[in-house]
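K.L.:
Can you read through this structure? Questions will come right after.
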């Protein structure tokens with residue numbers, strides 16, 4: 001079996017990884033940024049669920065495998081240089097961040113300090129104890 | 001003069017850089033990803049115009065300095081790990097990509113190949129000859 005040609009257009013770094021932005025299909029918010037390997041991208045396309053590469057655990061990370069916060073992938077996009085991927089996703093449970101918030105980008109710069117703009121929707125201790 | 005405290009919450013990498021996502025305030029599209037140094041972030045806040053660090057030119061890159069495609073920054077956000085920044089911008093001229101398209105993410109995966117979804121709005125050769 002030959003590798004899918006579309007993967008050859010992705011410019012993986014010297015660790016074999018590419019950064020992936022996940023954007024919410026419903027709200028258009030940027031939810032998170034993580035990494036993907038070739039295998040993660042291939043599995044994302046095959047399953048329609050967002051798969052990343054966890055650097056800390058050094059293995060495939062099927063988003064939601066612990067938290068239940070699966071991301072159903074509606075679009076996969078690639079930037080002009082081929083070195084950043086964008087997943088447009090339906091975020092199950094409405095929580096993308098491990099802190100229990102909708103988005104990882106929950107801090108906004110206001111008057112020279114980071115203000116938290118998003119409430120905690122789910123207690124992360126309960127989510128990851130499931 | 002002491003450094004602004006908000007910059008200390010940004011987790012710059014070992015080159016002193018942090019990736020920055022630019023998102024369009026009007027359309028919510030993800031426009032591009034580039035890098036910023038401490039100085040680039042500080043100047044962005046001070047001027048309200050998106051400033052990046054150009055790795056190829058090894059200097060500050062005031063977006064639009066050549067192309068005219070200035071980005072007026074409406075929000076600056078930081079992710080949970082502090083290692084990705086988000087600029088929410090008004091894209092002057094409606095073109096963020098050096099290829100003359102609205103967004104750098106102009107390729108979408110369709111039936112196992114990258115399909116171009118965005119027209120070229122401006123001839124890049126003319127833009128960069130200005």
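K.L.:
Residues being within 12 Å of chain A (Cβ to nearest Cβ), surrounded by fewer than 16 Cβ atoms within 10 Å (Cβ to Cβ), modelled with pLDDT of 95 or more and touching a helix residue (DSSP H, G or I) at 6+ places or on another chain (Cβ under 8 Å): count how many of those fall in the stretch B:1-33.
P.N.:
1
K.L.:
Out of B:110, B:125, B:43, report the one residue that is modelled with pLDDT under 95, surrounded by fewer than 22 Cβ atoms within 10 Å (Cβ to Cβ) and farther than 28 Å from residue A:101 by Cβ.
P.N.:
Only one candidate passes the filter, namely B:125.
K.L.:
Taking residue B:77, is it without any contact (Cβ under 8 Å) to a residue 60 or more places away in the chain and in a strand (DSSP E or B)?
P.N.:
Taking the combined requirement at face value, the residue satisfies it.
K.L.:
Hey, among the residues in the stretch A:75-98 that are at the interface with chain B (Cβ under 8 Å from one of its Cβ atoms) and closer than 12 Å to residue A:31 by Cα, which one's surrounded by the most Cβ atoms within 10 Å (Cβ to Cβ)?
P.N.:
A:86
K.L.:
Provide a single number: the residues in the stretch B:51-70 that are surrounded by fewer than 12 Cβ atoms within 10 Å (Cβ to Cβ) and either on the phi > 0 side of the Ramachandran plot or touching a helix residue (DSSP H, G or I) at 6+ places or on another chain (Cβ under 7 Å) (or both).
P.N.:
Total satisfying the criteria: 1.
K.L.:
In the list B:42, B:50, B:36, B:58, which residue meets the criterion of being without any contact (Cβ under 8 Å) to a residue 40 or more places away in the chain, under 13 Å from the mean Cα position of the chain (by Cα) and either at the interface with chain A (Cβ under 8 Å from one of its Cβ atoms) or farther than 18 Å from residue A:32 by Cβ (or both)? Walk me through it before giving the result.
P.N.:
Details: B:42 fails: under 13 Å from the mean Cα position of the chain (by Cα); B:36 fails: without any contact (Cβ under 8 Å) to a residue 40 or more places away in the chain; B:58 fails: under 13 Å from the mean Cα position of the chain (by Cα).
None of the other options fit; the residue is B:50.
K.L.:
Moving on. Residues of the stretch A:25-45 being in a helix (DSSP H, G or I) and within 15 Å of residue A:63 (Cβ to Cβ), which ones?
P.N.:
Result: A:39, A:40, A:41, A:43, A:44, A:45.
K.L.:
So, one more: Exactly one of (1) assigned to a strand (DSSP E or B); (2) closer than 18 Å to residue B:30 by Cα is unmet by residue A:72. Its number?
P.N.:
Evaluating residue A:72 over (1) assigned to a strand (DSSP E or B); (2) closer than 18 Å to residue B:30 by Cα leaves (2) as the failure.
K.L.:
Condition first: more than 25 Å from residue B:66 (Cα to Cα) and surrounded by fewer than 16 Cβ atoms within 10 Å (Cβ to Cβ). Now tell me which residues in the stretch B:113-122 satisfy that.
P.N.:
B:113, B:115, B:116, B:117 - these are the residues of the stretch B:113-122 that are more than 25 Å from residue B:66 (Cα to Cα) and surrounded by fewer than 16 Cβ atoms within 10 Å (Cβ to Cβ).
K.L.:
Scan the stretch A:99-120 for residues that are at positive phi and either more than 7 Å from chain B (Cβ to nearest Cβ) or touching a residue at least 12 places away in the same chain (Cβ under 8 Å) (or both) and jot them down.
P.N.:
Here is the first cut: in the stretch A:99-120, the ones at positive phi are A:100, A:111-112.
Within the stretch A:99-120, A:100, A:111 meet the criteria.
The values are calculated or read from the model by the stated rules, or taken from the named source; none is laboratory data. The shown structure was predicted, so the numbers you read here are calculated from the model rather than taken from an experiment. So basically every Cβ, Gly included, is an ideal-geometry build from the backbone, and we count neighbours across all protein chains shown.
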